[in-house]
Amino acid sequence: MPGQRPQIIGSLSPSRAADFVSCPLKYRFRVVDRLPEPPSQAATRGTMVHTVLERLFDLPPAGRTPAAAEELLPGAWADLRAREPELAAMFADEDELAGWLASARELLAGYFALEDPRRLAPAARELYVEHVLDSGLRLRGYVDRLDEARTADGLALRVVDYKTGRSPGPAFENTALFQMRFYALLLWRTRGVVPRELRLYYLGDRTWLRVVPDADDLLATERRVQALWAAIARAHRTGDWRATPSKLCGWCDHQSRCPAFGGTPPPLPEAQLADDTAPAVCEAQG
Ligand code: SF4
């Protein structure tokens, strides 16, 4: 019926989509088994730096300086620790913690090497965006920053995402930009405007990737997302979550239960075993 909302068949975020593309078994461990992963220094530093960059824009424009960003760091770390007290156990001693905080300051300095936040007035930070495709697949994600400008051609949107690692080699740039196109697709569907520009800042090596998408680009992204979900649904039906070893295994918390490393995955959860015809509604938030 016209106007009827499709029944939700599942949810997908760019992060979990990337998990499935890199290794279906890793996706299974994270999304289907929901196995816990211990906090890592790198991921926690990433969260903390994102928090600082979000709060930086609460300051008046002239106050958004490197020194001000550094001053926001202890508060962001204290908030993280208050939320997850076990994070403090990641550090053997004060020296290790001090080195880690210094590395976070380096990343913030990397941000200021890439742009001057005093000249910006973001329309949104940590913006949650969600859209349900006609198929019933819910796409969602958090955009680090959205810049808006009124131009003679109408509303111009710029999507900005910060990465606290290093930039990928040329062979992996498109994989990295898939996440940005995913966000652009969400914004197009929810706001009716194709974002003018997508920017991915790599604070680790102070460089950035940029893409100017068009509607064809985003339609291709939508087809790719649908194909990806079809593959995820097939894995749900068949239970064939293939281990796909790569360099990324070095960062995977599940080697001990991965066949590629001599391990055995745990039995699939009951709900999964009971449902052999269709994927369960599964959260795939990144
Ligand atoms: S160790 Fe490698 S192959 Fe195994 S689940 Fe993790 S990413 Fe996949």
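Considering only DSSP beta bridges where both residues belong to segment 8-149, give the percentage that are antiparallel (nearest 5). Bridges in segment 8-149 that DSSP calls antiparallel: roughly 75 percent. If you wrap segment 41-119 in the convex hull of its Cα atoms and look at it from every side, the mean projected area works out to 5.0 nm². Relative contact order of the chain, taken over Cα pairs closer than 8 Å and 6 or more residues apart, is 26 percent. Before anything else, pin down the relative contact order of segment 41-119: Cα pairs under 8 Å, at least 6 apart, normalised by residue count, whole percent. Rounded, it is 45 percent for segment 41-119.
Note on E86 and D153: with the Förster distance fixed at 45 Å, the Cβ-Cβ geometry gives a FRET efficiency of about 0.35. Have a look at the DSSP beta bridges in segment 129-242 and tell me what percent are antiparallel, nearest 5. Around 75 percent antiparallel, to the nearest 5. By DSSP, the beta bridges lying fully in the chain are antiparallel in about 70 percent of cases. Here the Debye sum runs over all C-alpha atoms of the chain as equal scatterers in vacuum, and log10 of I(q)/I(0) at q = 0.10, 0.17 Å⁻¹ comes out as -0.61, -1.49.
The numbers here are math on the coordinates, done by the rules we state, and not lab data. As the structure is a prediction and not an experimental result, all values here were calculated from the model. Cβ: placed from backbone, ideal geometry, glycine included. Neighbour counts: every protein chain shown.
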